[in-house]
1. What residue among 151, 203, 159 has the largest mean-square fluctuation in a Gaussian network model of the chain, using Cα springs under 10 Å?
2. Return 247, 126 ranked ascending by Cβ neighbour count within 10 Å, so the fewest neighbours appear first.
3. For the stretch 269-322, rounded, prolate or oblate, judged on the Cα gyration tensor with a ≥ b ≥ c (square roots of eigenvalues), a/c < 1.5 rounded, else prolate if a/b > b/c?
4. With a cut-off of 8 Å between alpha carbons and a minimum separation of six or more residues, what is the relative contact order of the chain in percent?
5. Top mean-square fluctuation among 177, 135, 40, Gaussian network model of the chain, C-alpha springs under 10 Å?
6. Which angle between 0 and 90 degrees, to the nearest 10, do you get for helix 143-153 versus the longest principal axis of the chain when only C-alpha atoms count?
7. Which residue, 224, 79, 240, tops the fluctuation ranking in a GNM of the chain built on C-alpha contacts under 10 Å?
8. Given all pairs of different Cα atoms, what value in angstroms does the Kirkwood hydrodynamic radius of the stretch 176-346 take?
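What follows is calculated from the coordinates using simple rules that are stated; it is not laboratory data. Note that the structure is a prediction, hence the values are computed from the model and not measured. Neighbour counts are summed over all protein chains in view; Cβ atoms, including those assigned to glycine, are modelled from backbone coordinates with ideal geometry.
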């Protein structure tokens, strides 16, 4: 585990927290060593069978990743006489003397290398195949990602386990009165479409904004578009499209939201609009479905697999297709039926099942 405050967790951080908190609690007969590259939030000490090890420097650069995973991690494992190395992120180590399990959530960097710095691109293009070859077991989060790993990293399928994600228990449907309160608080009392996630180029925010503007012109709708997530990449194409929008006053950037607030915002939405270019899983889809909120999502990578029949699928590279999807989900005549499908599809996923399957992968190496 690489250090982070509990209230700052996102995708992989939540996966690590949800899975390891359960495994630690369910298996007191084992001792777990949690490695942090900075001061650890005490909340990560899930039980008396957890030993936290804090070791600098913070691994924020490929050179420091190399130092951490090729030198610091192996030395700690030798010193502590650990039996197994488990990575819930995409990092492995080539200098271990024990079996290892790594988690490859997706291979987005290999598909969209232009969206990361050259140093990061160089690191993962070199090390991904080596990590995959060295690991005794690989966990990934969808059937799509498993096939992608097999193809791009030349890994035999029997070495890769699928361990689907779950959603936090804070996500659940709300009643009509609560929805009205949420709309008043965040969307001027209007119905709203919602995007959840960082404003990264891979998330296709620029086309979503352009499609929303086109939808507003064609429909005359009063619906808003809310975007909840870090604005770290609010530059380039996203900024350009936003500044040229005719209806940009109907777009609200909410920034990062703690889960208590985000769960309410999701539950109050008319629909989730998640038209990413590439996802290994797409947890916001599952969170929305847990709230019985219909989804508009992409017909590529893992998203059709996760959404099942509980979403409207569009071509994420086609602005007009996204616009037509917004029109369709705006005027849903069978919204209640689609909401029922959301519940049925989301019931297939839970963090308990994730932790059980992850533990099975771990135990296969002991």
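1. 151
2. Least crowded to most crowded, the residues run 126, 247.
3. Oblate is the answer for the stretch 269-322, as a/c is 1.5 or above yet b/c matches or exceeds a/b.
4. 16 percent
5. 177
6. 50 degrees
7. 79
8. 15.7 Å
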